[in-house]
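Worksheet: the structure to be examined is printed underneath.
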Amino acid sequence: MNIQPKRLDLPLIVKLILRSLIPGRSCFPQMEPFTKDLIAVGICVFLFTSPPGHSAEWESGPLIHEFKLTLAPGRRLEAIGPLVSYEQREAQTQWALPPLFSHTFDEGTDAEEFDFAYPLLTYDRFGTEYRFQFLQVFSLSGGQNQQENTQKRFTLFPIYFQQRSPDPGLNYTALVPFYGRLENRLFRDEIRFVLFPLYGQSRKKDVVTDNYLYPFFHLRHGDALQGWQFWPLAGYEHKDMTMRTNRDGEVQTIGGHKKFFALWPVFFDQKLRIGTENPEHHQALLPLYSRLRSLQRDSTTLLWPFGLTLTDDRAKKYREVGAPWPLIVFARGEGKTANRVWPLFSHAKTPILESDFFLWPLYKYSRAHAPPLDRERTRILFFLYSDLVEKNEGTGAALQRTDLWPLFTAKRDRDGNERLQLIAPLEPLLPNNKGIERNYSPLWSIWRSEKSARTGARSQSFLWNVYRLHTTPETRKCSLLFGLIQYQSGPEGKRLRMFYVPVFKTRKPPVARLEP
């Protein structure tokens, strides 16, 4: 697929370059804007008019450079160093003026993303669903829910919440703290309030909580559930065992509970999972003791949280001693082995998880092995150095990412494609963040190299295409110093140009065909 990007306004680009290089009237008072425009046009004609036989691609990096993508079919154009770029791959196009804004549109999936001074202002759309936000405080969103009802939301967090829909039952308005109702917001299915915190009601599934002078007093009711609290003095909640039919038509037992506290968090007594095969009783009088008793697990802590903790986990088949937990821990058994003296050293292992550290956070290692997934990560001083490997043992596909903050980030995806970037102050801290990669990575990535496992193509770029090299198994193309030195070789022959003047050009003779 031969995808040609749209041509840019070259005189405008050169004027921007010129005006960035020439300080202005203070240094060149005799140079008028009209003269600058004439010089810009002259530079444009000199640098960007392709001589006879020259490739149609612009190769004058970092002023302007056009090239094929290495890891996917498509083309990219970069101008004024890292400040302007245009990319087109298959059905996707992207404009960017880092760090000011970027715009991406994918016609195949009907998706669109726009960032302005990311993350100050963003707009994302997928089909009919969209979201516009400013500083995560002002936001507009809309689209269809799972029931195919169209909804439009407006939020000025945390003061005003609004939703409108053709279905009047889905409409709500909330003006905090005066009056309002919300649905599926703030981790609740429904919220109602009047002069909050004087009164507020929230619902999560079947449990309804009425708050008066939140968080001090509330009444709670639900399916076989009743409760109250006058925090922090006392509180009580009781729920009977209930039955529920799951999606497979099987009847499940939902355990009941009894919860009581006094002078929270000094004393509490909880009986959980009542009516199930493993009921639990958890009681604490802090800081004297805390204990948990069940058929599968017993745990006792004396002088919480800095005293002695003894745990006997019969379900997972291990015993553990902590003094104090979790700083000093020793565990033995089939389900867990641990030796930890924080922050000096630690080694802990379960049938799935494994972790080690030495002089935390100097060195940290973790592994999760749940076939077919095997995930390993090694870190030094949090994000100073990180090496992550994820492997699918069934297919053999592996992903690896290595970061050394702020010097480089290197990635190899599950298809075997590789990418290296030198200078990466944000990428190790916010890995796989598309907003950072679009709007900020081009500014400081002084070296970029990529390799395609499928095609064997490779590319290298230094100082925003001051030097650029692109190779395939059959071709080699190199540009240096604003395109003043260009070299190209391939099945048709070799060519060298210096200062836009051909130095040599060779052609390979055609391969003779054998007549039948």
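Looking only at residues in the range 265-287 that are of a type outside the set (A, V, I, L, M, F, W, C) and over 23 Å from Gly307 (Cα atoms), the one that is surrounded by the fewest Cβ atoms within 10 Å (Cβ to Cβ) is Glu277.
Counting only strands (runs of 3 or more DSSP E) that sit wholly inside the range 249-354, those with at least 2 residues that are aliphatic (A, V, I, L, M) are 251-254, 267-274, 280-285, 308-313, 328-333, 337-341.
Only residues that are surrounded by fewer than 18 Cβ atoms within 10 Å (Cβ to Cβ), modelled with pLDDT of 95 or more and of a type in the set (Lys, Arg) were counted across the range 422-475, and they come to 1. Beta carbons closer than 7 Å, at least 6 apart along the sequence or on distinct chains, pair a first residue in the range 155-182 that is closer than 23 Å to Tyr130 by Cβ and without any contact (Cβ under 8 Å) to a residue 24 or more places away in the chain with a second that is assigned to a strand (DSSP E or B) and of a type in the set (Val, Ile, Thr) for Gln162/Thr173; Ser165/Thr150; Pro166/Thr150; Leu182/Ile191.
Each residue in the range 212-263 was checked for being loosely packed, with under 12 Cβ neighbours inside 10 Å and among the charged types (D, E, K, R), and 4 pass. Touching a Leu at 6+ places or on another chain (Cβ under 8 Å) and either at pLDDT 90 or above or more than 30 Å from Phe126 (Cβ to Cβ) (or both): is that true of Leu38 in this structure? Answer is no for this residue.
For Arg401, the criteria (1) in a strand (DSSP E or B); (2) surrounded by fewer than 17 Cβ atoms within 10 Å (Cβ to Cβ) hold in every case but one, which is (2).
Residues considered: Leu175, Leu195. Of these, the only one that is at pLDDT 95 or above, more than 26 Å from His221 (Cβ to Cβ) and loosely packed, with under 14 Cβ neighbours inside 10 Å is Leu175. A Cβ distance below 9 Å, combined with a sequence gap of six or more or placement on separate chains, defines the contacts here; from the range 325-348, residues that are acidic (Asp, Glu) reach residues that are not in a strand (DSSP E or B) in the pairs Glu334/Lys316; Glu334/Lys317; Glu334/Pro351.
Determine whether Ala117 is of a type in the set (Gly, Ala, Ser) and either crowded, with 16+ Cβ neighbours inside 10 Å or under 10 Å from Arg438 (Cβ atoms) (or both). Here the answer is no, as Ala117 does not meet what is asked. Just to be sure before I move on: is Thr70 surrounded by fewer than 16 Cβ atoms within 10 Å (Cβ to Cβ) and either at pLDDT 95 or above or assigned to a loop (DSSP other than H, G, I, E, B) (or both) in the structure I sent? For Thr70, the condition - surrounded by fewer than 16 Cβ atoms within 10 Å (Cβ to Cβ) and either at pLDDT 95 or above or assigned to a loop (DSSP other than H, G, I, E, B) (or both) - is not met. Going through (1) assigned to a strand (DSSP E or B); (2) closer than 30 Å to Leu463 by Cβ; (3) of a type outside the set (Gly, Ala, Ser) one by one, Tyr118 falls short only on (1).
Do the conditions hold for Arg297, that is, is it under 24 Å from Val341 (Cβ atoms), of a type in the set (D, E, K, R) and surrounded by 15 or more Cβ atoms within 10 Å (Cβ to Cβ)? So Arg297 does not fit the description; no. Listed by first and then second residue, the pairs linking a residue in the range 464-485 that is under 21 Å from Ile80 (Cβ atoms) to a residue that is assigned to a strand (DSSP E or B) and acidic (Asp, Glu), with Cβ atoms under 7 Å apart and 6 or more places separating them unless they lie on different chains, are Trp464/Glu78; Asn465/Glu78; Ser479/Glu59; Gly483/Glu59. Please tell me if Lys411 is surrounded by 18 or more Cβ atoms within 10 Å (Cβ to Cβ), within 21 Å of the chain's Cα centre (by Cα) and basic (Lys, Arg). So Lys411 fits the description; yes. Taking the criterion of being in a strand (DSSP E or B), surrounded by 17 or more Cβ atoms within 10 Å (Cβ to Cβ) and among the acidic types (Asp, Glu), would at least one residue in the range 380-390 satisfy it? Looking through the range 380-390, none of the residues is in a strand (DSSP E or B), surrounded by 17 or more Cβ atoms within 10 Å (Cβ to Cβ) and among the acidic types (Asp, Glu).
Table: residues versus (1) touching a Lys or Arg at 6+ places or on another chain (Cβ under 7 Å); (2) on the phi > 0 side of the Ramachandran plot; (3) part of a helix (DSSP H, G or I).
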position	(1), (2), (3)
Arg419	yes, no, no
Ala424	no, no, no
Pro431	yes, no, no
Ile436	no, no, yes
Pro442	no, no, yes
Ala453	no, no, no
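Just one of the numbered conditions (1) of a type in the set (Asp, Glu); (2) at pLDDT 95 or above; (3) surrounded by fewer than 20 Cβ atoms within 10 Å (Cβ to Cβ) is not true of Glu57: (2).
Within the range 210-236, residues that are within 18 Å of Phe193 (Cα to Cα) and assigned to a strand (DSSP E or B) reach partners that are of a type in the set (Lys, Arg) and at pLDDT 95 or above with beta carbons closer than 9 Å, at six or more positions or on different chains, in the pairs Asp210/Arg220. For the range 117-128, the condition holds for no residue, the condition being that it is of a type in the set (S, T, N, Q) and over 30 Å from Pro158 (Cα atoms).
So is Val208 of a type outside the set (Ser, Thr, Tyr) and either farther than 15 Å from Pro158 by Cα or buried (at least 17 other Cβ atoms within 10 Å of the Cβ) (or both) or not? Judged against the criteria, Val208 is a match.
Would you confirm whether or not the range 74-83 contains a residue that is closer than 18 Å to Gly435 by Cβ, crowded, with 17+ Cβ neighbours inside 10 Å and of a type in the set (A, V, I, L, M)? Checked against the condition, which is being closer than 18 Å to Gly435 by Cβ, crowded, with 17+ Cβ neighbours inside 10 Å and of a type in the set (A, V, I, L, M), the range 74-83 yields at least one hit. Which one of the conditions (1) closer than 28 Å to Ile352 by Cα; (2) more than 38 Å from the chain's Cα centre (by Cα) does Leu327 fail to meet, given that it meets all the rest? The number of the failed condition is (2).
The values are calculated or read from the model by the stated rules, or taken from the named source; none is laboratory data. Since the structure is predicted, the reported quantities are computational estimates derived from the model, not experimental observations. Reconstructed Cβ throughout: ideal geometry from the backbone, glycine too, with neighbour counts over all protein chains shown.
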